1. Pull up the range 216-252, narrow it to residues that are modelled with pLDDT of 85 or more and of a type in the set (S, T, Y), then point me to the one that is nearest to the chain's Cα centre (by Cα).
2. Looking only at residues that are more than 15 Å from A27 (Cα to Cα) and among the small types (G, A, S) in the range 127-149, which one is modelled with the highest pLDDT?
3. Which of the numbered conditions does P332 fail, given that it passes all the others? Conditions: (1) in contact (Cβ under 8 Å) with a residue 60 or more places away in the chain; (2) touching a Phe, Trp or Tyr at 6+ places or on another chain (Cβ under 9 Å); (3) buried (at least 17 other Cβ atoms within 10 Å of the Cβ).
4. Pull up the range 270-292, narrow it to residues that are farther than 14 Å from F110 by Cβ and surrounded by fewer than 18 Cβ atoms within 10 Å (Cβ to Cβ), then point me to the one that is nearest to the chain's Cα centre (by Cα).
5. Quickly run through the range 125-150 and pick out the residues that are in contact (Cβ under 8 Å) with a residue 60 or more places away in the chain and in contact with a Pro (Cβ under 6 Å, 6 or more places away or on another chain).
6. Can you tell me which residue within the range 173-192, out of those that are of a type in the set (A, V, I, L, M) and out of contact with any Leu (no Cβ under 7 Å at 6 or more places or on another chain), is farthest from L41 (Cα to Cα)?
7. Which residues, counting only those in the range 30-62, are assigned to a strand (DSSP E or B) and not hydroxyl-bearing (S, T, Y)?
8. Of everything in the range 300-327, what is without any contact (Cβ under 8 Å) to a residue 60 or more places away in the chain and either assigned to a strand (DSSP E or B) or in contact with a Pro (Cβ under 8 Å, 6 or more places away or on another chain) (or both)? Give them in sequence order.
Amino acid sequence: MKLSSGIVTLSLALWAGSFVGQQPDPAALQQYHQLVEATKLDRDGARPFHLKIESQLFDLKGKPSESGAIEEWWLAPDQFRIEINSGDIHEVILTGEPDQVMPGVHRSEFLLRQLLSSAVSPLSPLNSAEAVSEVKRDIGGHILSCFALAIAVKGDLGRDTNYCREPGGDNVRLIVSPQSVSVRNRVGVFAGTNVALDLSISYLGRPAVSGKVVLLQVFDPTASGSPILHVSKTYNTDPHIPIAAVVAGHRLSTPPIAYPLYARREQISGVVLLACRITREGKIGAMDVVASSNVLFNEAGMDGVRQWLFTPFKFKGQPASTQVLVRIYFNP
């Protein structure tokens, strides 16, 4: 079954917010938890793996830009290495360095990490504010069974997401949120787990990144040439913190964002999506524009969010540096 990005983009407007407030379904909840485990390659007790995804990145207008790659050697939840290469960016993320804080946020790095997550761990357990129900959807002639997350308390950091699978199976093919669509076009099985081998992600209706798995094999850390994997003492560097394990920080101080004068005068509205690194102190450490409906709002959004303060995100009771996607709406 092949899902086209065009079909998915057309469907996005019909989905946004359509499931919020639905009554929770106990049967759907159980099936959702089963699907989390069936699609999570990096879970406790899973077989060690070495995976590489080669990708095509797109600019803010949805035009092809540079190529990239992300590679992971994984032994256990606290032992792995991730390498990211794209353009001038070469980043190595290691466990065993609990005080490591990535110095910046780059759009391509953020997108490649999203691609990796969508391939090997597309779902995360529900938190206490979320409920789930299941409905059938016709997407371009394909019937998919979709888990709809309903959020009791909505906010910039909450999920309003729908996860769609082939009915009766574990093949997650589509992930839809108000700002993004992830399409898992081709799914394979590795060590009993479904892994996306061909996938793409779009934001605000424009393609952002696509990729294909070019290598997936059992990882043997004793083999010649294998990278050394250290044991992490704490999980306090993104992207290693599981979403469900993070005690979501909340906005402590959000000074108003200045509306660009020209956009206000012309009654132009828009939205900007920012990848933001939040430090252990709850400050914005770095950011980059992931997607934007209009370039008029990019600088205004970044200048405004730069002044925001959060209560620190926590993992296992300790302040943690993490990365979040912040949505900024401009409406005159």
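1. The initial filter retains those residues of the range 216-252 that are modelled with pLDDT of 85 or more, namely 216-227.
Narrowing further to those that are of a type in the set (S, T, Y): 222, 224, 226.
Working: T222: 32, S224: 33, S226: 28 Å.
Checking each candidate, the answer is S226.
2. Among them, the one singled out is G141.
3. Among (1) in contact (Cβ under 8 Å) with a residue 60 or more places away in the chain; (2) touching a Phe, Trp or Tyr at 6+ places or on another chain (Cβ under 9 Å); (3) buried (at least 17 other Cβ atoms within 10 Å of the Cβ), P332 violates only (3).
4. T279
5. Answer for the range 125-150, where residues must be in contact (Cβ under 8 Å) with a residue 60 or more places away in the chain and in contact with a Pro (Cβ under 6 Å, 6 or more places away or on another chain): just A131.
6. Of all residues in the range 173-192, those of a type in the set (A, V, I, L, M) come to 174-176, 181, 183, 187, 189, 191.
When the remaining residues are screened for being out of contact with any Leu (no Cβ under 7 Å at 6 or more places or on another chain), the result is 175, 189, 191.
Values: I175: 17, V189: 10, A191: 8 Å.
Of everything passing the filter in the range 173-192, I175 is farthest from L41 (Cα to Cα).
7. Filtering the range 30-62 down to residues assigned to a strand (DSSP E or B) leaves 49-58.
Within the range 30-62, F49, H50, L51, K52, I53, E54, Q56, L57, F58 qualify.
8. Residues satisfying the conditions are A300, G304, Q307, W308, L309.
The values are calculated or read from the model by the stated rules, or taken from the named source; none is laboratory data. Just so we're clear, the structure is a prediction, and the values are computed from it rather than from any experiment. Because the Cβ atoms are built from the backbone with ideal geometry, glycine has one as well, and the counts that use them run over all protein chains shown.
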